[in-house]
Amino acid sequence: MDFELSEAHRMLAEAVYDFMVKEIEPLAEQIDREDKFPDWIWRRLAGLGLMGVTVPEKYGGAGFDYLAQCICLEQMSRICPAISLSCHAHSNLCADNLSRNGTEEQRERYLPKLCSGEKIGALALTEPNAGSDAVGIETRARKQGPYYVLNGTKTFITNGTIAGALIVYAKTDPQKGAKGITAFIVEPGFQGSFTSRGLEKMGVRGSPTAELIFDDYHVPQENILGEENQGIKVMMGGLDMERVAGTGWTLGIAERALELSLKYAKERVQFGQPIGEFQLIQERLVDMYVSVEAAKLLMYKAASLAEGSERGGKGTEIHKIAAAALLLVGEVATKAALHAVQIHGGYGFMLDYPVNRLLRDVKVGEIGAGTTEIRKLIIARELLAD
């Protein structure tokens, strides 16, 4: 058992963090206020290998493991959670999912463009009436000749307004419930109507979020991802990997909250001494540090199991550990962001200070990929099954 990162993982973390500090940190506040980040960022991320972290090199990816994916998102979130979230949706939810489940023809057609940043990826699962109840989706896909005609609405879709390739879930046999779901690779420009509407959020501003409407949208039969009526396998495996990678996205926010709090506690003087000398401030800092370190270790374990599950091992333990890791990190990061605002006092409530952005951003870490409540249900189910 080795608790040290490999040299390759350390170098990756340093490279991503250096890029974020030099190129993105000066823009982070503007990105948040304008709710948009510059298009050039995608190509720069692609140049660092961040657009296809786990995609094999033969398709233009970096060929790294899931720990590397977690590390990349962690380092990005320390500076700009919005960019990190969009990269998460692209690299993990779309590109990795397609790499794991696609045919060779599908991989060759889509992955190089996704990894180069020519196409932006997204995943469309959530619907207005189907959030936590993922298998309760109402979008339909009806077979018609060489096409499937797609009708339905998706919502809260990260990258939805800019995506050039989307993984979309629909029911092809509604009578079969979960066993009648199929996953499709969808592009703008197919026959029929596909419209997107941007949604305004309180946090992770800059990362575009959309409502998507499909009206008699014709998806070619060869764009089925996996097999017809077997989309639940793609969905559940994808959610496991999303939760594992999501720990990195969320942990980076917690780490940044601790970093900013330590800096402020050393510099802010009250009653003739730095506030870091006060025991109640020290208590908050210690709580943040211990929680972050514990959450980081569980993230490492989840990433290791994710790699094993993709190689045919570890059984269903990944369901439990992925949910547990995201559950813990989500709660730790939210508490850390709250501590950070409290330590900063009145300044923490001002938009000029980045801790308020961390607090607004972090809440989605307890909602996405299954809410805190759903994560607890998954863990309980797996415990009782054991």
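The values are calculated or read from the model by the stated rules, or taken from the named source; none is laboratory data. Computed from a predicted model, the values in this text were never measured in an experiment. With ideal geometry, Cβ positions are generated from the backbone for all residues, glycine too; neighbour counts draw on all protein chains shown. Ligands, DNA and RNA are excluded from the accessible area calculation, which covers all protein heavy atoms including side chains. Shrake-Rupley method; radii C 1.70, N 1.55, O 1.52, S 1.80 Å.
Of note:
- Over the chain: helical MRE at 222 nm, DSSP H runs n ≥ 4 each giving -39500 (n - 2.57), nearest 500: -16000 deg cm²/dmol
- Beta bridges from DSSP with both residues in the stretch 119-216: antiparallel share about 80 percent, rounded to the nearest 5.
- Stretched out straight at 0.36 nm per residue, the stretch from K263 to A15 would grow longer than its current Cα-Cα span by 87.0 nm.
- Sorted largest first, the spans of the alpha carbon positions of the stretch 228-296 along the three principal axes are 70, 17, 12 Å.
- Of [x] 36, 22, 20; [y] 45, 24, 21; [z] 83, 30, 17, the label for semi-axes √(5λ) of the Cα gyration tensor in Å derived from the coordinates: [x]
- Extent of the stretch 168-215 along its three principal axes (Cα atoms, max minus min coordinate, largest first): 38, 26, 16 Å.
- Options Q191, A257, G276, ranked by Cα towards positive dipole end of the stretch 168-295, top entry (Cβ charges): G276
- Carbon and sulfur %, accessible surface of the chain computed with the full protein complex present, 1.4 Å: 53 percent
- Dipole of the chain, positive direction: furthest Cα of Y148, C70, A323, with charges on the beta-carbon: Y148
- Karplus-derived 3J(HN,Hα), 6.51/-1.76/1.60, for each residue of the stretch 155-166, Hz, glycine and proline x: 9, 6, 8, 5, 6, x, 7, 10, 6, x, 8, 10
- Comparing Cα centroids, the stretch 1-52 and the stretch 188-211 end up 23 angstrom apart.
- At a probe radius of 1.4 angstrom, the accessible area of the stretch 82-124 per residue rounds to 25 square angstrom.
- Sorted largest first, extent of the stretch 155-260 alpha carbons per principal axis (Å): 51, 28, 22
- Seen against the Cα atoms of the chain and their longest principal axis, helix 231-267 is set at about 20 degrees.
- DSSP bridge orientation in the chain - percent antiparallel, rounded to nearest 5: 85 percent
- Charging the Cβ of each Asp and Glu at -1 and of each Lys and Arg at +1, and nothing else, the dipole of the stretch 1-129 about its Cα centre rounds to 360 debye.
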